[in-house]
Structures are given as C-alpha cells and as structure tokens.
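Peer 1: What follows is a structure written as structure tokens; I'll ask about it next.
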Amino acid sequence: MNLRRDVFQAIADPTRRAILLLVASQTMTAGSIASNFDTARPTVSKHLQILIECDLLTQEQNGREIYYHFNPVKMKEVADFIEPFRKMWDERFNKLESIMKVYKFKK
Amino acid sequence: MEQKTKITAESGKQEVVITREFELPVELLFKAHIESDIVEKWMGTKVLQLDGKKQGGYQFETTNPEGQVVFKANGVIHDFAANRKITRTFEMENTPFGVQLEFYEFEELSADTSKLHMHVLFESVEQRDQVLQIGFSWGLNMAHDRLQDVVKKLK
C-alpha cells in the first residue's frame, strides 16, 4: 500500500537504530557499517536499503565506494514526538474530507 | 508543505488543542461526526452505537482480521448542538489513558469551508503525554534518546 516505508517502523528495529547511531557520528561505507555487526552482510544491506527508502540515510558515490550519510532533517521530524499523533489526525481528517466531498456530489 | 491539521500541546498542561480547516460546508463536517457509517470510514473503526444527542453516547470497536478486539472506546455525549458543538467524554478501554473530556466546535468559514476546533482535557499531564506518544509506542529505547541528542547537536 505505502510506496515509501514508514519512518517509525524503520527506527523501531534495534539494528537499524544502531546503524543510524554509527552513521550519525561519521559517513561510512556499507562494508565498514557491516563490520560493526555479527549479522550477515546481506541483512545489513537490507537494513540500509530501508533506511534510505525513508530518507534517514542518503547515499553518495565516491569512486568505487558508496558512502552513507545520516539525514538529520528527517531524524528531527521523527524526534518531534507529537508529529505521529498529528499525522494520525491529519490522515483521519483527509479521509473525512474526501468522503464528504463524494457524499456532497452524490446528493 | 502546509500542515492542515495543527496541534497545540504546551508542556506541563493536561490539554491538547487540535484544529483543522476543511473544504466542506459545516453541515457536512458535522454530519461526518454523527453518522455511524461515515464515522466508521474515516476513523477506521466499527461503530457499535452512536446516539448523537444530549445525554447520548457512543461505542467504537476495532477487530483485527483474526477477529480479536484490538481497540475499544466509548463515551457519553454531554452537549449537542447541530452544526455547532459536541461535548463528550472519550475513554479507550483497557488502557491506562483514563477518560478525556472533549469539546468539538464546528465553525462555518464560508458556504463551502469550515473549521473544526477540538479541545481535549485529560485527567493528568502524564496521561496526556502518554496519548500524544501513541505513535511512538513501537518500543523505542535508549538508542533513540541518544539519536535525539545527536540531532539536537546538529540543529
């Protein structure tokens, strides 16, 4: 249903939070990130992919290596603890509005 | 992007104000709050009972695909003025969130636009903060706090 992954679901995973912590302190390659975990490399890659999909990490090609950057702007959005609550209501109200617009049309 | 739904929750207070403008006549905005089948659609819950009148009440229930009840809420309607105001209580059953007192004010802005003003009072500051953090209840731990610190430094 959602094309973009849910950012809150992304940070609910402990491995992904650990990855964010690592990359927040310095830009790293996938290899150096993976070397911090016992997890298999493809598993780490999958986690990186999810973090990129929800904009918590960005990629930068540098020669043969891909470097991963932490995106503080996105993280700040998450850090604002009221935001999920606001979004919940915003989505409900968007739905209400579109339902009633159709309702009006039908009358 | 402009945020249509605005939330005010001052720290240390036991209230929340939610406002939202709609491209709908106030009559339709009000209707969306009192007709069971419409409420079901936008709230995403089943409405077992909804008696929109003074001293009326309501009951919501949501079940998962396995048929288990995952959300149950109810309340009584204290005041009811068509297209203007609903005062009601709201309680999520089997949660520590307590009872909320909710004031819904419906305002006509023009023939085709309206505004909803929701003023929600909680029993305590703690309960309000817990409810505000519902979206955050995915088991975040220390790592998250540390991340917040990092973000603060980057600000």
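The values are calculated or read from the model by the stated rules, or taken from the named source; none is laboratory data. Here the structure is a predicted model, which means the values were calculated and not measured. All Cβ positions, even for glycine, are placed from backbone atoms using ideal geometry, and neighbour counts span all protein chains on display.
Peer 1: Wholly within the range A:1-66, which helices (runs of 4 or more DSSP H) include no fewer than the required count, namely at least 1 residues that are modelled with pLDDT under 85?
Peer 2: A:7-12, A:14-25
Peer 1: Given the residues B:Glu40, B:Glu61, B:Glu27, B:Glu23, which is the only one that is surrounded by fewer than 18 Cβ atoms within 10 Å (Cβ to Cβ), modelled with pLDDT of 90 or more and facing chain A (nearest Cβ under 9 Å)?
Peer 2: B:Glu23
Peer 1: Name the single residue, out of those in the range B:107-132 being assigned to a helix (DSSP H, G or I) and among the charged types (D, E, K, R), that is nearest to B:Val26 (Cα to Cα). Give the derivation first.
Peer 2: Step one: list which residues in the range B:107-132 are assigned to a helix (DSSP H, G or I), which gives B:125-132.
Filter again for among the charged types (D, E, K, R), leaving B:126, B:128-129.
Values: B:Glu126: 34, B:Arg128: 29, B:Asp129: 31 Å.
Once the filter is applied, the top-ranked residue is B:Arg128.
Peer 1: Give just the number: which of (1) under 30 Å from B:Asp37 (Cα atoms); (2) under 17 Å from the mean Cα position of the chain (by Cα); (3) without any contact (Cβ under 8 Å) to a residue 60 or more places away in the chain does A:Ala24 not satisfy?
Peer 2: All conditions pass for A:Ala24, except number (1).
Peer 1: Return the residue satisfying two criteria in turn: it lies in the range A:71-107 and is facing chain B (nearest Cβ under 9 Å) and not in a helix (DSSP H, G or I), and of such residues it is modelled with the lowest pLDDT.
Peer 2: A:Phe81
Peer 1: Please enumerate the residues belonging to the range B:86-106 that are not β-branched (Val, Ile, Thr) and not in a loop (DSSP other than H, G, I, E, B).
Peer 2: B:Arg88, B:Phe90, B:Glu91, B:Met92, B:Gln100, B:Leu101, B:Glu102, B:Phe103, B:Tyr104, B:Glu105, B:Phe106 - these are the residues of the range B:86-106 that are not β-branched (Val, Ile, Thr) and not in a loop (DSSP other than H, G, I, E, B).
Peer 1: Being more than 11 Å from every other protein chain (Cβ to nearest Cβ) and surrounded by fewer than 17 Cβ atoms within 10 Å (Cβ to Cβ) is the requirement here; does B:Lys4 meet it?
Peer 2: Criteria not met by B:Lys4.
Peer 1: Taking the conditions exactly as written (within 14 Å of chain A (Cβ to nearest Cβ) and either polar (S, T, N, Q) or in contact with a helix residue (DSSP H, G or I) (Cβ under 6 Å, 6 or more places away or on another chain) (or both)), does B:Ala111 satisfy them or not?
Peer 2: On the way: within 14 Å of chain A (Cβ to nearest Cβ): yes; either polar (S, T, N, Q) or in contact with a helix residue (DSSP H, G or I) (Cβ under 6 Å, 6 or more places away or on another chain) (or both): no.
Here the answer is no, as B:Ala111 does not meet what is asked.
Peer 1: Can you tell me which residues in the range B:64-85 are in a strand (DSSP E or B) and at pLDDT 95 or above?
Peer 2: Within the range B:64-85, B:Asn74, B:Gly75, B:Val76, B:Ile77, B:His78, B:Asp79, B:Phe80, B:Ala81, B:Lys85 qualify.
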